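Take a look at the structure below.
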Amino acid sequence: MKRAALFLCFGLLLASSFATRAQQTPAAAASSWSADISQIRHTAALIPGRKPTRINVLKFAESHRTKNFSVKGEPATPSVQARTVFQVVYPEGYVMVDAGMDEQMHKQIGRGAEEPYFSEQAQQVDKALRGARAIIFTHEHGDHVTGVIRTPYLSELAPKTILTRAQVRTLETTPQFPDLRITEEQALRYHIIDYDRYMAFAPGWTLIKAAGHTPGSQMMFIALESGREYLLIGDAAWHMDSVRKMTGKDAPWIVEDSSAVSDQLKWLNTLSNSEKNLVIVASHDDDEHRELIARKLLGGKLE
Ligand SMILES: [Zn+2]
Ligand SMILES: [Zn+2]
């Protein structure tokens, strides 16, 4: 427990000392987004300690949505959106990225469609959340945060759950669904962090502010002990074709800052061409997860 607290405090300490000059140029910040991979790498090296050894992904549900919704202009061919969580494994414990959702939220998100929900895997998610050192989120949508908002294990999970100020603001004021709303008082059960552009979160791990898909979206750069690097991009793209084609979603039920998302897709496209050691992972791209699991770049189950 003590070590977990230290782990968190270190991140918080570094975040507060890492306000950058971007804060002083609010005019440009409104619609344009940028990030610098060398600063991100530098930040990931700030916290001493052993880096993670591997990253696992688990799919606990599927949404079946044709490709045109994920990537504007694509044909309406069948496509699976994997509902997932990620587990970042350190030598002495693990951190969960995203917390999944119960079947009720899965049905709400499916808006009436009958879509697969894998109860056994969902139970594995709950078990992994309970065993985690910390739980952190790519963003505040229901398929990512419900597992720590509507859960029988709230008192156990909340003290190790880390939400950003922007994620909390959305959950308090404009949640994706009314039953995701939390009050100011309920928000205090969780750890709330804030940072400007980058934050050193744990050894090898940088949080990257990336408002766009939602106001509270962040990407996560993670360097493993082996030297392999990952960028968990959440829902900045639903399918990696969005990165390859630099073309965003066409989903009327999602309201994004499309200019920021477009900047992010351009940045990710450049990285995917220039950084051969970097694995860019989109939360919902089932095709990509299968390939990465087959290549042993991601583990296919939680541990
Ligand atoms: Zn989302
Ligand atoms: Zn999502």
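A few points about this structure:
- Residues in segment 85-105 that are crowded, with 19+ Cβ neighbours inside 10 Å and touching a Pro at 6+ places or on another chain (Cβ under 9 Å) were compared, and the one that is nearest to Phe201 (Cα to Cα) is Val95.
- The residues in segment 200-223 that are among the aliphatic types (A, V, I, L, M) and open to solvent by 10 Å² or more (accessible area, probe 1.4 Å) can be counted, and the count is 2.
- Residue that is over 30 Å from Met246 (Cβ atoms), away from ligand 2 (no atom under 12 Å from the Cβ) and modelled with pLDDT under 95, where the choices are Glu103, Glu114, Glu156, Glu120: Glu114
- The set of residues in segment 130-149 being hydroxyl-bearing (Ser, Thr, Tyr) and touching a residue at least 60 places away in the same chain (Cβ under 8 Å) consists of Thr138 alone.
- Lys301 vs. criteria at positive phi and open to solvent by 10 Å² or more (accessible area, probe 1.4 Å): no
- Within segment 51-83, the set of residues being polar (S, T, N, Q) and within 23 Å of Phe118 (Cβ to Cβ) comprises Asn56, Ser63, Thr66, Ser70, Ser79, Gln81.
- All positions within segment 57-85 that are assigned to a loop (DSSP other than H, G, I, E, B) and either within 16 Å of ligand 1 (Cβ to nearest atom) or touching a residue at least 12 places away in the same chain (Cβ under 8 Å) (or both): Arg65, Thr66, Val71, Lys72, Gly73, Glu74, Pro78, Ser79
- Counting only helices (runs of 4 or more DSSP H) wholly contained in segment 111-210, the ones carrying 1 or more residues that are closer than 21 Å to Ala236 by Cβ and within 16 Å of ligand 1 (Cβ to nearest atom) occupy 142-149, 165-173.
- Taking segment 267-303 as the range and being part of a loop (DSSP other than H, G, I, E, B), under 26 Å from Gly212 (Cα atoms) and out of contact with any Leu (no Cβ under 8 Å at 6 or more places or on another chain) as the test, the residues that pass are Glu275, Lys276, Asn277, Ala282, His284.
- Filter result for Gly234 (under 17 Å from the mean Cα position of the chain (by Cα) and part of a loop (DSSP other than H, G, I, E, B)): yes
- One residue stands out among those in segment 47-75 that are small (Gly, Ala, Ser) and over 19 Å from Met240 (Cβ atoms): the one that is least open to solvent (accessible area, probe 1.4 Å), which is Ala61.
- Within segment 191-228, being touching a helix residue (DSSP H, G or I) at 6+ places or on another chain (Cβ under 9 Å) and within 16 Å of ligand 2 (Cβ to nearest atom) holds for Ala210, Ala211, Gly212, His213, Thr214, Pro215, Gly216, Ser217, Gln218, Met219.
The values are calculated or read from the model by the stated rules, or taken from the named source; none is laboratory data. Keep in mind it's a predicted model, so treat the numbers as computed, not measured. Every residue, glycine among them, receives a Cβ derived from its backbone with ideal geometry; neighbour counts consider all protein chains shown. Protein only, heavy atoms only, side chains kept; ligands, DNA and RNA dropped before computing areas. Shrake-Rupley method; radii C 1.70, N 1.55, O 1.52, S 1.80 Å.
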